[in-house]
Each structure stands twice: as structure tokens, then as C-alpha cells.
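One structure is given here, and the rest of the page talks about it.
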2 protein chains.
Amino acid sequence: MPTQLPGGYNGKILRVNLSNGSISTEATDELFCRKYLGGAGFALYFLWKELPQGVDPLGPDNKLIFALGPVTGVPLPGSGRNCIGAKSPLTGGIAKSEVGEFWGAELKRAGYDAIVVEGKAEKPVYLWIHDGEVSIRDASLLWGRNTKETQQTIRTELGDNRIRVAVIGPGAENLVRYACIMNGLFDAAGRGGLGAVMGSKNLKAIAVRGHKAPTVFERERVKEFRDWLLANMQTTPMLRGFNKYGTGAAMGGFEATGNLPVRNFRGGLFSETGKISAVTIRDTIRVGMETCFGCPVRCKKAVKVEEPYPVDPAYGGPEYETLAVLGSNCGIDDLKAIAKGNELCNAYSLDTISTGAVIAFAMECFENGLLSIKDTDGIELRFGNYEAMLKMIELIARRQGIGDLLAEGTARAAQRIGQRATELAMQVKGLEAGMHEPRLKPGLGLGFMVNPHGADHCCNMHDTMYVTEQDLKGLRPLGILEPLPADDISPRKVALFRLLQLKEVMFDCLVICKFMSYTHEQVAGIVAAVTGWDTGVMEQLRVAERVLTMARLFNIREGFTAADDTLPPRFFQPKTDGVLADKPLDPAKLETAKSYYYTLMGWDARTGIPTPEKLEELGITGL
Amino acid sequence: MPTQLPGGYNGKILRVNLSNGSISTEATDELFCRKYLGGAGFALYFLWKELPQGVDPLGPDNKLIFALGPVTGVPLPGSGRNCIGAKSPLTGGIAKSEVGEFWGAELKRAGYDAIVVEGKAEKPVYLWIHDGEVSIRDASLLWGRNTKETQQTIRTELGDNRIRVAVIGPGAENLVRYACIMNGLFDAAGRGGLGAVMGSKNLKAIAVRGHKAPTVFERERVKEFRDWLLANMQTTPMLRGFNKYGTGAAMGGFEATGNLPVRNFRGGLFSETGKISAVTIRDTIRVGMETCFGCPVRCKKAVKVEEPYPVDPAYGGPEYETLAVLGSNCGIDDLKAIAKGNELCNAYSLDTISTGAVIAFAMECFENGLLSIKDTDGIELRFGNYEAMLKMIELIARRQGIGDLLAEGTARAAQRIGQRATELAMQVKGLEAGMHEPRLKPGLGLGFMVNPHGADHCCNMHDTMYVTEQDLKGLRPLGILEPLPADDISPRKVALFRLLQLKEVMFDCLVICKFMSYTHEQVAGIVAAVTGWDTGVMEQLRVAERVLTMARLFNIREGFTAADDTLPPRFFQPKTDGVLADKPLDPAKLETAKSYYYTLMGWDARTGIPTPEKLEELGITGL
């Protein structure tokens, strides 16, 4: 391999140990970049290689990785993202999450490709990275503050309003197991409790400013991808209407197909869906659309509410997942309350999905008598009670009253409440399910089962469920020539699922926004254009296979087995109403599909353990 | 899928039943073309779907498929080829072989994509295909004639000297089990006894003339591939020096590395290698270079000898395989005798590799006392006796004397001679090994083991053995980033072998010459340019996987098991001399590699039987 660094990389990893204050940089070489690519690949590399087995996720020995990909900061739609990874305090396995805004691009311009944060600061600190200069600064006065105050104070303190900040709020400080890390005020690395890890290290924020634009091998070709996306933005299913509404415009359609979770995934009908959709938001409380670095889509809402409670547009507005989880999934149709809940989660750095899911779970427990009015300190924690929902967010962030129990996440809370409650916990491996319905699309169910982070819809976004004539457009080059119905879970669907799951990992390594409707082939073309490598779709899938297998190994090292690749029992029961009322998943079919997925991955068909041969083939040092 | 026919196809299959004289055509659709592509894919489709289990390869129920690919006849270097397939009278399993010249391009211009020949003619016939008109014509007067006379007589009879002829000679008429089919006089569909199948059907020839140039979707892009090949012809390892020498210039180098088979693969040293190389041919007996349709490489020698026996340049000249098998592998250093042997094989339509290999085997039997001078009718059948070698070819073609035994092929002959002889039979599944040394390159050994046709080097031509820095150029896009030594047979090598084996099948479906050094990505690009499909390397590999799995199924239906995926014992013994004198293959390592290969193919790791899930995934109707 040529030793010159490929386009898109700075070739430098920043390592910061908060226990002893040491700051160092490590050089990477081209082979490393090509084997792991970036983002999730870099995160997994460090976590798999450096974390000892059994480390306390909230102890000083856990490591928190912030990783960019080769396209981060490159002028291409969707390139404003970075990956964050650690051992998860929620699942005990791998956590990784990607997040947008401008922070990743700024870190690229500051000269790094990744940050490895180790140890634990004695007192609250924040990190200040400025064009290759790094310092650890006191954050005692920031501790306890919400994200907006923190960002503003840091910018003022450092005297630069263009500083970008990855930051946590009180929820993360209080080690809520699903606390997130915010890039700015409305972009969350949401899933798996990465914010709690940051909080456990007494690290309040990472402030970044840089001025060196990333190198790009073939700028003209990158521009062609940008132009393609602009030209196709309004016609590809994934992006259609996004710059008009953002996510959440299709909630009515979701209800009609059965995809919309209602009342903790119990039902399918929610008569007030129209009240909480992104179309209604546009017509009522929306005050603008925001964006991430380099992205013309501008899919991010900002909403403003004056009464009955103020909602600050600085915190953006609710995405589909938030609308569904705080809305229909809690039986709530009050849009202002949902907007307020979203603001609170962003201010406290709580993952809206897990937060809403644990509240919906608690509501069902309450209605079923598994939680009493005494447990809730007098709150009528029923589906549809939006004031209770908002109260719960406050209690969780502060770990007060029942909030202390719910801050542990659905799985742990259910275990403490009792056996009947565990059947209502809509989680896999401890991670609360995204707002999509496996009973509609068993391919998604398979994804919820086998994804290493748990029931994370971000590992499953690319059409795993349907293959329509239109989808075939991007799939034919992979050899998928014929449509597959949504409810199919045959070996053909499993093979397709694997290809699409690997595509998600490709996106996570690049790092690029999953709403960008680039095909597998285009993704490989983007890597080639940015880096200058003679790469192709086969190599990019191979990278993804390597990274996904490392995530698998990480979980196995922590004690996970094939038995953890399962779904909550509710998905094997019919919905109480709606089009899926007579369509539970068939557990035997899902188990068969799981086994075939293992086989296709080169993992043991029964245990799901990667074979030594596969590890050798992928160049991974084994268990 | 759009129903308009893609570029490169006529969309018509010609079906001829020689028993009842029926001639019909069948239309194909785009999905069929895309799933099976052409060439080997079409051949396997018809053989797997239509041949009943246990059919007599030399009986009327066997079928003989002549299949073109989408690039056949397209103006692209290497596109002058077609595939021929049938159940093999040599192995009892699948036989398929590709062959150059102009016949395939002519059939494309005559309006067909494939011919399915069924039944058996009562008397010798030939087929005449002229721009969509097809007739079965009497060939009684042609029977017994050699290929040159047959071709000339047909051209005279039909009054067109530009007619192209696929033809058999007396060897095939006499059902020598490794008789081949010649396109013209020096291009053979050599392996597996396809000529004997043609002979068994009393089909002497297929004469073709056509005038309709094939459609091409994107002619300019096809031209770019042509230009690339021309520009790189002198620098890519596979083609370097080919238009100067053809194959066989590197025989000295082959001896030095140990790749050259000497005396039935027994030894490694052959002091007279220089006398029989293509360089010497150029300097002595060569009178010209010939070519196939559309190919600027012109790699095919024509040689002329006056005494001690005339060698007719109309029959071309010996390729590397022939030089080695009739030369060093028989201990023969007389270039004129080798040239004569080559001419005889082409005149009688005998596969030079199997012919030379069975003679080398008989020589070793003779020297070891397993065949006596009585058995050979007085011939001193010793290594180095070139007159004996020439005599054997005559006897085999006519099935006279010991020729009748040797016409059965090495495996059957050895079984009749006895146990000790079987250990000297250098064959797999009944097919004699190509002239390359598995002890040098265990990846080749694995190929000899698992290729459905037996020890066919044509399934293993693309650098399976070494991966050097230079090879990486075409392999990096597949994710192969680091060199692998020749003697490596780790899971990484097995995975690479599979990718390269599938590439061979891609070439065989297209159909394109394997000396063309197109990468996987370029092959997919060629398919896209010719057909207009939005295809990519993943789809093309998937087609190859489908076709290879169908070949596997065909063999399983005929009773083959994993035990047939083995090597002759000699490869597990050291060579008697040369650089590999202390380097036998390790049988345990090869078995481990074989099992991992099965796994990667989605076949049972122990039995090698494709799993039902894999068949469903590939869309193949199963066993």
C-alpha cells in the first residue's frame, strides 16, 4: 500500500486520559483506515481491542470513542455526522450511535479523526480542542446546567460563538442509563446511554474549533454525488418531502399499515394521529427548519410554543421517533406536550426513544396495577396523560421518586417490578425498541433481534421490509431481481436483510446520514472519490462485515449469547386493534431466520459465535 | 423488469431433436437472461432442469448445449467464445468447456443465443444454421474424416467459404471418452468428453453463417474496455508477451518454481525445457499467429514441420498445456513430435490434456511393470519415447490395441490395470489434471478438488496461488488488501479462491476469454455496457454462485459426494526432484480448506450439499 495518507483523513487519533490528565496523539496508517474506514469501524476497533472484559460501563475503565469517517466534513449532503461508542450502561454490551450537526466537521477541521476518552476526571471538566491544541478545562460551574446554558457559557468563556459543542445535561450527569450526548441542542447520539458514560467521567462537554478543510481526492466526483442527491431528493422514497416536513409526515400512513406503535406497542389504532404529525407541526408550531453541516435537505424542525408552557425553538423540534414514542405510544395526542417533552429531553440529554418507551411501559404497568398510585407519588400515570409524561421526564432526569426506577431503563425497571412487568418491556438486550412494527415487517424484527445494540431501528432503516419494484432500482446491482413482500421472512429476505444491515454499517463507518438515499454502489463510489482508493462495493461490505463481527465479539465477551437475540413476547401476540390485530409474528420462523442470518455472517448457526475461520478471514484477533 | 430484450441477446434458443428431426425455437425473457447470463449459465440451466438422473452420457437422452453469452460476437477482445455443456462420459458428472475461434460470434449473428441438441440421429448428420434457417443434413460421407476435411467439404457443399464449423473427428466418432469438439481446426472445447457426446448423437458438425450484428447497449463504453485492454496488454501479468509468443513462453520459469509437471507429475526437473518452449517455437517452426473473433491479442501459434513428419499449419500449434502434457509430462523434448501430436489431436478431436495425461500415465505403468510389452503390442512405452507417444494418439483415436483401454481415460484404465495403477492416475472425478502443480499452490489444489468438472485448470486460472502487490491492484476493490504467499491455504486464501473461482464462472457465462485481464469490477462493467442493466459486481458474483451451485447439484444428483472432492495421492507425496522435492501437500490442511470452502458457498460443511436455504436464496429448484 502507498504510505501517503488517503483523502478524507487527518491520520491522527487524539487520546485523552481524564484520570491523569494526559493528552496524546497517535498516527494511523492507510491500511488501518482501509480496514476499519472510520466512525463505527474506528469505535469498534478501540473498544474491542482495549476494553477488558467485564468493565463497569459507568466506571473509569470504560472508554468513550468519538470517531469521524472519511466523508465527515466533506462537502457532501449527509456528511455532518460522527459516531460515538462505548460499553453501554443500558445493555452491558456495545453501544454506538451516530449524530449530526456541525461538531464532526469541526473536529475534522481541527485535525483529528477520532478521540479516545479514558479514565474519570476528579471534578467536572470539559475538553477544548482548537486546531490541534487540546486542553482539559474546569467545568465545575457548568455541572447541573442544561445543554443550552452549557453551550452558551463555553462559547462565551472561549470567546468564539462558532465553537461546536458535544455536551451533556443533568440526565447524563445523574447517570440515567439512557442519557444521550447532544451535538449542540437538537442532535443526539441517542441510543445506549453514551451520555451516562460521559457523565460518569465527569466530562461535561467537548468544545471544538478548527480551520483546516479536509483533503478530498477527487472533488469533482464528490460534487457529482452531491448533484445527484439534489436532483433526486424529491423522488427517492427515503427523502421525499423531507425538506418540507422533516420526519413524521407519514404518521397517518404508518397507522394505516400498522407500523405506528400505539400504547406501548399494544394497539394499532390511534384516532388522533393527524394531530401529532409533522404536517400539523408545519401548520401550527413550526418556526423554521434547521440542518447539519453541508446538507441541503434541511430536515430538522424548530418549534416554538408559548403556552401552556414555553417550548424554546433553540432545542429544535420532535422527529418522527419522538412524535411516536411520546405521542401514540403513550396514547398522547397533545402536540404541545410532545414538543415540550422533546425540549426537556434535549435540555437534559435524555434519549427521547428510551425515555418515551419507559414512560409508556410505566403507564401500562400502572393501568394493569403493577405500579400503584403510591409508587408514582400520586401521579395518575395513565396512557394519554400528557402532564404525567412531562412530569416523568423531570423525575427521570433528576432520578427523583419513581424517576429513579425508570432511569434504569425498561428492562431493569421491569425486573424490579416483577415477572408480569417484564412481558410489557418492549426492549431487546435492554435497549427500548424504535418506533417501527416488527409484526408488519419481520425483517425489522430480525434486525431488532440480532443488532448488537439491541432494538435499534437505525440498524434497519433501509427497506428491509418491502422490496417493491421501485426499491429494486438500487438492489438489482446486488442481484436482488424480484420484489419481496413485507411479511416474507424466507432465506431470500434474510440475505437481503444482511446486505441492508451491512449497508447501515457502511453508512456508520463513513459516517453519513442514513436518510441519504445513496445505493451500495454509490457509497463505494463516494469512498473512492474521497479517499482515492480503488475500492468497490465488495470491499465496503467486507469492512462492514468486519465491524459488525467485532461488535458481535464485543457482546460475546460480555456474556451475550444467542438467547439474547430475541424479541419481547408482545411481538408474538396480535395487536389489540388495527390491521395487524390478527398478525402476530411466528417465533419459529424468526428463529429459523436468525439461524440463517448467523450462517450467512459466518457465525455458528446455533450459537451465533463467529467461527475462527471467519475471524481469520476478516483479519480479526479472536475471543 | 422492462420486457424489451437487453443488449447482447437474440432472445432465442434453438432446440433440435436428432431422433425425430424436430427443430424449434424458444423465446427467453429478460429475467432469465439476468439470472443465468449466458454461456455456462445457460448450459447449466438446461442440463440441471432437463436431464433425468442417471442418463447414459453416450445415449440419446443426454443433451448437448451450445451456449453464447451477452458479449459473444460483440467487438471486445476475448468475446469470440462459446460454452458447450453435457453430462460427461469421462466423469459421469457435469462437463462444460469454453472454446474460441469465430463460431460463437457467427451463431450470434445467425440469430440464436444457444442450441439444445437432443436425441440421436439414425445416420451421421450435420446441422446447418443460416440466418435463422435451420436444417439437418446428411453427413454420411463425412463420417470418419478428420476435422480439416470435414470443414472444407461442408464449406464447399454449402458454397460459402466463410461458414464457421463446430466439428468432430474420428476420436469423437469412436467415443473416446475425452474427445473434444473443435471450432474450426485449432480451437477445442477440450475437457470432459463433449466430442464423444456429439459423436454418440451421430452429429458430425454444426455449420453456421449469420449476418446480423448483435445489439449493444452502450457501444462507446464497450470501446473503452477494448481500449483499456489494448493499452494494458503488455503490462498485465496474464497477457504479457502473449501476442509475441502465445502461451508457453514461461516454461523455464515454471520449471524453476516447480509448477511444470514432469513425467506424470512425478518429478520437477526437466533439463530440456528450453527445447519445447514457445520462445523456441517462434525461433524454429512457427509460421504465423492466429486469433479469435474480435481479438487483437493474436495469441494462437501456427506451426509447420516438413520432416520427419509433416505438421499442417492449418491445425495451429501447441499451447502451453499441450507443450507440457505431451512434452515434459511425457518426458519428451522433441518439439516436432509435440507439434505433430498436437496436430493429430486437433484432426481427430481429442483433448490434448487428457490424451497426453493418459499416455504419461501409461508410460509410468509400463516403466513400473504394470503394463507389459505384450499389452502395448510391442511398443516400448517409456517416458521420453516420442514415437510411442504419437503411436498412442493414433491407437486411442481408433480405439485399437491398448488405445481402446486408454480411450477410456486415466481413471477407468487404472481401475482395469489394478490398484497400484490407480495411485498413478493424475485425475480428479475422472478428469485428468491440467498442467499446473498443486504442491506449489495449494489454492490450485483446492480448485482441482472442488471444481465440478474435475481437475480443470480453467476453473482456476486467476491468480489463486499468489497474491502479490501487483495482483492486489485488481483485488483491493474486493477487500483483499494484503499479499498472500503461494503456499498459504488459510481461510483468507480459501475466501480469495472462492472469489476467483466465481470470477471464472463469470467469464464462462459472459462468455469471455480468461486471458483477458479484466477485473471483477470491469467484468460487471462490461455486462452493464453490453446489456444496459444497472448491474454490479455483487450481482455478477451472485449469478456465478447460482451457476456453480447448479453444477454442484447436477453432480450430487449423479451420485457424487464430498469424498469425490479429493486429489490423487501423488500430490500428498514429495516430488522426486526439483524445488518441491520436500514439499508434499498436507491432506489435513486441504480437507480443512475444503470444508471452509463449502461453508462459504452455503453448502453443508461436511457433505458439501447446498443447504435448502441457500437454494431458496439463489432461486434454484432443489434436489
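On the given criteria, is A:Val543 touching a Phe, Trp or Tyr at 6+ places or on another chain (Cβ under 8 Å), facing chain B (nearest Cβ under 9 Å), closer than 27 Å to A:Asp227 by Cα and open to solvent by less than 10 Å² (accessible area, probe 1.4 Å)? Show your work before the answer.
On the way: touching a Phe, Trp or Tyr at 6+ places or on another chain (Cβ under 8 Å): yes; facing chain B (nearest Cβ under 9 Å): yes; closer than 27 Å to A:Asp227 by Cα: yes; open to solvent by less than 10 Å² (accessible area, probe 1.4 Å): yes.
Yes; evaluated as a whole, the condition is true for this residue.
For the stretch A:40-49, does any single residue satisfy the condition of being part of a loop (DSSP other than H, G, I, E, B) and more than 14 Å from chain B (Cβ to nearest Cβ)?
Looking only at the stretch A:40-49, we keep the residues that are part of a loop (DSSP other than H, G, I, E, B), and these are none.
The answer is no, given that none of the residues of the stretch A:40-49 is part of a loop (DSSP other than H, G, I, E, B) and more than 14 Å from chain B (Cβ to nearest Cβ).
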Within the stretch B:12-39, of all residues that are more than 26 Å from B:Glu558 (Cβ to Cβ) and in a loop (DSSP other than H, G, I, E, B), the one most open to solvent (accessible area, probe 1.4 Å) is B:Asn20
With the condition kept exactly as written, say whether any residue in the stretch A:548-565 is aromatic (Phe, Trp, Tyr) and closer than 28 Å to A:Ser88 by Cβ.
-> yes
Residues in the stretch A:407-454 that are over 28 Å from A:Gly41 (Cα atoms), among the acidic types (Asp, Glu) and crowded, with 24+ Cβ neighbours inside 10 Å total 1
Exactly one of B:Ala213, B:Ala207, B:Ala256 is surrounded by 20 or more Cβ atoms within 10 Å (Cβ to Cβ) and over 16 Å from B:Lys301 (Cβ atoms), and that residue is B:Ala207
Given (1) closer than 26 Å to A:Asp604 by Cβ; (2) open to solvent by 20 Å² or more (accessible area, probe 1.4 Å), A:Gln522 misses just (1)
Scanning the stretch B:16-39 residue by residue, the ones that are within 14 Å of another protein chain (Cβ to nearest Cβ) and of a type outside the set (Phe, Trp, Tyr) total 7
Matching residues in the stretch B:50-76 (under 21 Å from B:Gly11 (Cβ atoms) and not in a strand (DSSP E or B)) number 11
So, first residue closer than 16 Å to A:Ala67 by Cα in the stretch A:17-30, second residue of a type in the set (A, V, I, L, M, F, W, C) and open to solvent by less than 40 Å² (accessible area, probe 1.4 Å), Cβ within less than 7 Å, six or more apart or across chains; the pairs are A:Thr25/A:Ile13; A:Thr25/A:Leu14; A:Glu26/A:Ile13; A:Thr28/A:Ile13
Matching residues in the stretch A:586-604 (facing another protein chain (nearest Cβ under 10 Å) and not in a helix (DSSP H, G or I)) number 1
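Would you confirm whether any residue within the stretch A:99-111 is in contact with a Ser or Thr (Cβ under 7 Å, 6 or more places away or on another chain) and open to solvent by 10 Å² or more (accessible area, probe 1.4 Å)?
Step one: filter the stretch A:99-111 for residues in contact with a Ser or Thr (Cβ under 7 Å, 6 or more places away or on another chain), giving A:104-105, A:108.
The next check asks that each one be open to solvent by 10 Å² or more (accessible area, probe 1.4 Å); those that pass are none.
No.
Take the residues of the stretch B:496-536 that are part of a loop (DSSP other than H, G, I, E, B) and within 11 Å of another protein chain (Cβ to nearest Cβ): which is farthest from the chain's Cα centre (by Cα)? Steps first, answer last, please.
The first filter runs over the stretch B:496-536 and keeps only residues part of a loop (DSSP other than H, G, I, E, B), leaving B:511-519, B:532-536.
Pick out the ones that are also within 11 Å of another protein chain (Cβ to nearest Cβ) and you get B:519, B:533-536.
Numbers: B:Thr519: 21, B:Trp533: 29, B:Asp534: 30, B:Thr535: 27, B:Gly536: 26 Å.
Residue satisfying both the conditions and the ranking: B:Asp534.
Would you tally the residues in the stretch A:605-623 being open to solvent by less than 20 Å² (accessible area, probe 1.4 Å) and at the interface with chain B (Cβ under 9 Å from one of its Cβ atoms)?
Start the filter on the stretch A:605-623 by keeping residues that are open to solvent by less than 20 Å² (accessible area, probe 1.4 Å), which leaves A:608, A:610, A:614-615, A:617-618, A:620.
Going one step further and asking which of them are at the interface with chain B (Cβ under 9 Å from one of its Cβ atoms), we end up with A:614-615, A:617-618.
Adding up the residues that qualify gives 4.
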Taking the stretch A:567-585 and the residues there that are buried (at least 18 other Cβ atoms within 10 Å of the Cβ) and not basic (Lys, Arg), the one that is farthest from the other protein chains (Cβ to nearest Cβ) would be A:Gly578
Note: among B:Leu230, B:Leu269, B:Leu185, B:Leu175, just one is open to solvent by 30 Å² or more (accessible area, probe 1.4 Å) and within 21 Å of the chain's Cα centre (by Cα), namely B:Leu175
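Conditions tested, residue by residue: (1) open to solvent by less than 10 Å² (accessible area, probe 1.4 Å); (2) within 27 Å of B:Gly532 (Cβ to Cβ); (3) modelled with pLDDT under 95.
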site: B:Gly59; (1), (2), (3): yes, no, no
site: B:Lys63; (1), (2), (3): no, no, no
site: B:Gly69; (1), (2), (3): yes, yes, no
site: B:Thr72; (1), (2), (3): yes, yes, no
site: B:Leu76; (1), (2), (3): yes, yes, no
site: B:Ser79; (1), (2), (3): yes, yes, no
site: B:Ile84; (1), (2), (3): yes, no, no
site: B:Pro89; (1), (2), (3): yes, no, no
site: B:Ala95; (1), (2), (3): yes, no, no
Discussion item. Quick check on the stretch A:453-469. Is at least one of its residues within 13 Å of another protein chain (Cβ to nearest Cβ) and part of a helix (DSSP H, G or I)?
Written reply: yes
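Against the condition among the β-branched types (Val, Ile, Thr), assigned to a loop (DSSP other than H, G, I, E, B) and on the phi < 0 side of the Ramachandran plot, how does A:Val116 come out, does it pass?
no
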The condition from (1) out of contact with any helix residue (DSSP H, G or I) (no Cβ under 8 Å at 6 or more places or on another chain); (2) under 30 Å from B:Arg412 (Cβ atoms) that B:Glu437 misses is numbered (1)
Selection from the stretch B:401-433 of residues among the basic types (Lys, Arg) and in contact with a Ser or Thr (Cβ under 9 Å, 6 or more places away or on another chain) yields B:Lys429
Condition set closer than 21 Å to A:Phe32 by Cβ and more than 8 Å from every other protein chain (Cβ to nearest Cβ), scope the stretch B:481-495, selection least open to solvent (accessible area, probe 1.4 Å): answer is B:Leu484
Apart from one, (1) in a loop (DSSP other than H, G, I, E, B); (2) within 14 Å of another protein chain (Cβ to nearest Cβ); (3) in contact with a Lys or Arg (Cβ under 9 Å, 6 or more places away or on another chain) all hold for B:Leu424; the odd one out is (2)
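The values are calculated or read from the model by the stated rules, or taken from the named source; none is laboratory data. The structure presented is a predicted model; accordingly, all values stated were derived computationally and were not measured. All Cβ positions, glycine included, derive from the backbone under ideal geometry; neighbour counts span all protein chains shown. For accessibility, only protein heavy atoms count, side chains too; no ligands or nucleic acids. Shrake-Rupley method; radii C 1.70, N 1.55, O 1.52, S 1.80 Å.
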